[in-house]
Amino acid sequence: FLYKCHAGIYSRVLPQSNPSAPGFNLMQLLNKAPAGLRPAKGRGCAVPVPRIGRVKATVFATAGATPASADGSPRMKEGNTASEKVQQKFLSFIKSEAPREGHDPSFLINSKHAKECGLKPKAVYRNLPVGQLYEMALRYEPGTHITSSGALATTSGSKTGRSPKDKRVVVEKDTEGEIWRGAGSPNYEMDDSTFLNNRETSVDFLNAVDRVYVVDAYANWDPKYQYKIRIITTRAYHALFMNNMLIRATEEQLESFGEPDFVIYNAGAFPANKFNQFSGNSTTSIDVSMAHKEMVILGTQYAGEMKKGVFTIMHYLMPKRGILSLHSGCNVGADNDVTLFFGLSGTGKTTLSTDPRRPLIGDDEHCWGDHGVFNIEGGCYAKCINLQADKEPEIYKAIRFGTILENIKFDRRTRVVDFDSSEFTENTRASYPIDYIDNARIPCIGPHPKNIILLCCDAFGVLPPVSKLTLEQAMYHFISGYTSKVAGTEMGVTEPEATFSACYGSAFLMWHPYKYASMLADKMAKNGANAWLINTGWTGGKYGVGKRMSLKNTRAIIDAIHSGELASAPMVPSKYFGFMVPTKCTGVPPEVLNPEKVWPNATEFDKCLKDLAVNFQANFKKYADGAKYVGDDMAKRIEKGGPSV
C-alpha cells in the first residue's frame, strides 16, 4: 500500500485532516505507526510493508501506480483481501493521528451539557484572537469587509434588530411564581418538551456545519457575582461580538474554566419550526430555560440576541441574590461620585454616559449591590446612525480594529463608512471592548450612586428639560419607562406617539417591574441618592413645531447635577405630574427650564400636558397585580408617584 505524500491526494483520503497545519510531517506520522504497519524506506518515501500470514504486500512509490477508488483515495489491487484489511487498518491509524481543523474539542464534547444534548461538532475554535476571527469571517461569511478605520463591517441577515415577540421562557416548577407572566410581560410561555426539541434542532445544525466557534467568558465584573458563560455559534462575527461584549477570560482562566454556568446555542442561521404551539407562526425562536441553564437561538442572526440573552438571565439571577440588575449607563466623577443613566433607545443614554471628563463604568447593563455598582459586560454596543466625531468623539475613536460595525453602509472603493445612511436599518451598531474608550474605568466597578437620571425623549415637548423626583415618583417613572417616537410619514402621519417600557427595558425583565422598582427605592434611600427626570426631546412645541433640546443644554444640566448646584436650586412644582422643576441652571436659558414659557400657545400646552398624564395612567393599569409581588404598602407608595388629573 502506497501513500503519495501530496496534499491533494492526502486531503481526499482524509478530508477532515489539515496537511498544511504547522508541524505536519507525513514521514513522522507514519513512523509512529504500530509495528505491523511501520514503513520501510524505499526511494525516498515511506513504503509500508505489512505481513499477514504468508502474504507480503508491497506497493511502490510511484504517482499513479495504484488506481484510485471512487472517493479519490488510493486502493490495493482487487482480490488482495489481506492487503485491503491492512490498508483499512492503516487508514484508521492515520485518521486518528492526523491534525484536524480547529482546536482540541475535548473541553466541549466532554462537558456535561454537550453529553446531555449530543453536541459533537466537526471542528471547534475556542476563544480565537481578534485577528483570526477577522480572517475566518472574511473567508467564510459573505458580506464581511474591513473598513477604512480597521473595523469589521458585517451583516446580520434579514433580522437587523431583536425579535422580542419571539422570546420564550420555559415554564418550570422552580421558577413559576417568580417569573412575571400575564399582561405586559415579555415572558411568553414554552413547555420543556418544545424547548428540548428546539435545542435538538440547534445541536443538529451545529453538528452539521463545517465549524463552530466557542467563546468562554464571564458576566459581571464583581468576582463575587461572576457567572461563566459559554457561547456556541456558527459565525466568526458572533464570536467576535461576544468576545467584545463579555468579560474576556485569560489563558489561565480558560485552563480552569470547567463547566459553564450558562450555555447559549446560537443556530440562528437555521429556522425554527413555526408549527409548534408556542411559535406564533414564526421561524424565529429565542428560548430561555433556567432549569437547563441554557438558551437556544433559531431563525435570527442578529448578534444582539446573545447580548440581551445574557442580560435576561442576569435579570432573573441577580435579584434572587439581593442585587438589582439595571438597563443603564454608568460613569464616575473625580470625587468618586457615580451616576446611573436610564433611557430607551434614542434618549441619549450611551452619549451622555460616555463623557470624556468622567470615567465610564459601562454604557448599558449594570448591577447595584451591597458594596456599589458593577458592569455586567466587557464591551459597548453603541448606536452609530448619524455618528459624528465632534459630537461623540469617544465612540467615534472606538471604531477601529476589533470593532464590529453591524449593518452599516460604506463606500465600496474607499471603505469609508457612511454613518448617516439607514439604507439597511436605522439600527446600525458598533460593538467594541470597553477599554477602547480612553477613560474607561477598569475593572468596571464603582461605589454607590449619588444620582439617578431617568432619560426620556418627549416628542410632545411638554416635559421640563430637568425635574427632581421623590422616591415614589422615581419608582413610578422607573416602572413607566417613558419616551416617545415619531410615526413614519409614509401615510402623512407626523404626530408623536408615547412609548412605555417597564424599567427602561421591559423586554429583558424576568420579575414583575414592582420588584425592581422597590429594590431601586430601597438602595436609593439607604445611600442618599437623588433622582432626576431629564427630557432630551422637544422644546417650544411638539415634534413638527418645536425643536430638539440642544445637547449643549442637556450636558449643562447634567454638569449642574454632578456639581450639586441643581439639588439646592430654587424649584417650582409642575402641573399634573407634581415633580419639582429648577428655575435656575448655569449654562441654560431660564425660559428653557419652563416648557410652558417657550410654547406659542399656553392653552395648547396645557392640553398636551394633560393628555400625556392620562397616557401615563392608562399605561400603568397593566401593572395592577403588582401588590402580590411587593405587598400592599409598597404598591400604594409606587402608585402615589404618578400624575394626578
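The values are calculated or read from the model by the stated rules, or taken from the named source; none is laboratory data. The shown structure was predicted, so the numbers you read here are calculated from the model rather than taken from an experiment. Because the Cβ atoms are built from the backbone with ideal geometry, glycine has one as well, and the counts that use them run over all protein chains shown.
Data overview
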quantity	calculated
Matching residues in the stretch 373-421 - criterion: being aromatic (Phe, Trp, Tyr) and either in a loop (DSSP other than H, G, I, E, B) or touching an Asp or Glu at 6+ places or on another chain (Cβ under 7 Å) (or both)	Phe374, Tyr381, Phe401, Phe410, Phe419
Strands (runs of 3 or more DSSP E) lying entirely in the stretch 101-190 (those with 1 or more residues that are closer than 19 Å to Leu240 by Cβ)	124-126, 152-154
Residues of the stretch 376-393 that turn out to be surrounded by 15 or more Cβ atoms within 10 Å (Cβ to Cβ) and touching a helix residue (DSSP H, G or I) at 6+ places or on another chain (Cβ under 9 Å), as a count	11
Subset of the stretch 191-228 [part of a helix (DSSP H, G or I) and of a type in the set (Asp, Glu)]	Asp192, Glu200, Asp204
Of all residues in the stretch 197-224 being under 24 Å from Leu360 (Cα atoms) and in contact with a Lys or Arg (Cβ under 7 Å, 6 or more places away or on another chain), the one that is surrounded by the most Cβ atoms within 10 Å (Cβ to Cβ)	Ala217
Pair list, Cβ < 9 Å and 6+ apart or interchain, from the stretch 608-630 residues that are over 22 Å from Ala459 (Cβ atoms) to residues that are β-branched (Val, Ile, Thr)	Tyr623/Ile479; Tyr623/Ile638; Gly626/Ile479; Gly626/Ile638; Val630/Ile638
Test: Asn535 is surrounded by fewer than 20 Cβ atoms within 10 Å (Cβ to Cβ) and touching a residue at least 60 places away in the same chain (Cβ under 8 Å)	no
Hey, Tyr140 within 30 Å of Ile399 (Cβ to Cβ), buried (at least 20 other Cβ atoms within 10 Å of the Cβ) and assigned by TED's automatic domain parsing to the domain that holds Ser279 or not	no
Residue ID - nearest to His562 (Cα to Cα), chosen from residues in the stretch 460-483 that are crowded, with 24+ Cβ neighbours inside 10 Å and touching a Lys or Arg at 6+ places or on another chain (Cβ under 9 Å)	Met475
Glu259 vs. criteria assigned to a loop (DSSP other than H, G, I, E, B) and either surrounded by fewer than 21 Cβ atoms within 10 Å (Cβ to Cβ) or acidic (Asp, Glu) (or both)	yes
Some residue of the stretch 410-425 being more than 30 Å from Val614 (Cα to Cα), buried (at least 24 other Cβ atoms within 10 Å of the Cβ), modelled with pLDDT of 95 or more and not hydroxyl-bearing (Ser, Thr, Tyr)	no
Test for Ala239: is it small (Gly, Ala, Ser), modelled with pLDDT of 95 or more and part of a strand (DSSP E or B)	no
Test result for Val373, touching a Pro at 6+ places or on another chain (Cβ under 6 Å) and buried (at least 19 other Cβ atoms within 10 Å of the Cβ)	no
Sole residue being farther than 30 Å from Met318 by Cα and aromatic (Phe, Trp, Tyr), chosen from Phe508, Phe579	Phe579
Criterion: in contact (Cβ under 8 Å) with a residue 24 or more places away in the chain and of a type outside the set (A, V, I, L, M) - qualifying residue of Gly564, Gly578	Gly578
Search result, residues across the stretch 114-137 that are surrounded by 17 or more Cβ atoms within 10 Å (Cβ to Cβ) and either in contact with a Gly (Cβ under 7 Å, 6 or more places away or on another chain) or on the phi > 0 side of the Ramachandran plot (or both)	Val124, Tyr125, Asn127
Boolean, Lys450 is modelled with pLDDT of 95 or more, of a type in the set (Lys, Arg) and either part of a loop (DSSP other than H, G, I, E, B) or under 22 Å from Arg637 (Cβ atoms) (or both)	no
Identity of the residue in the stretch 161-204, small (Gly, Ala, Ser) and closer than 23 Å to Asn266 by Cβ, that ends up nearest to the chain's Cα centre (by Cα)	Gly161
Which listed residue, of Ile179, Ile232, is in contact with a Pro (Cβ under 9 Å, 6 or more places away or on another chain) and closer than 19 Å to Phe311 by Cα	Ile232
Out of Tyr302, Tyr265, sole residue that is over 23 Å from Gly505 (Cβ atoms) and crowded, with 21+ Cβ neighbours inside 10 Å	Tyr265
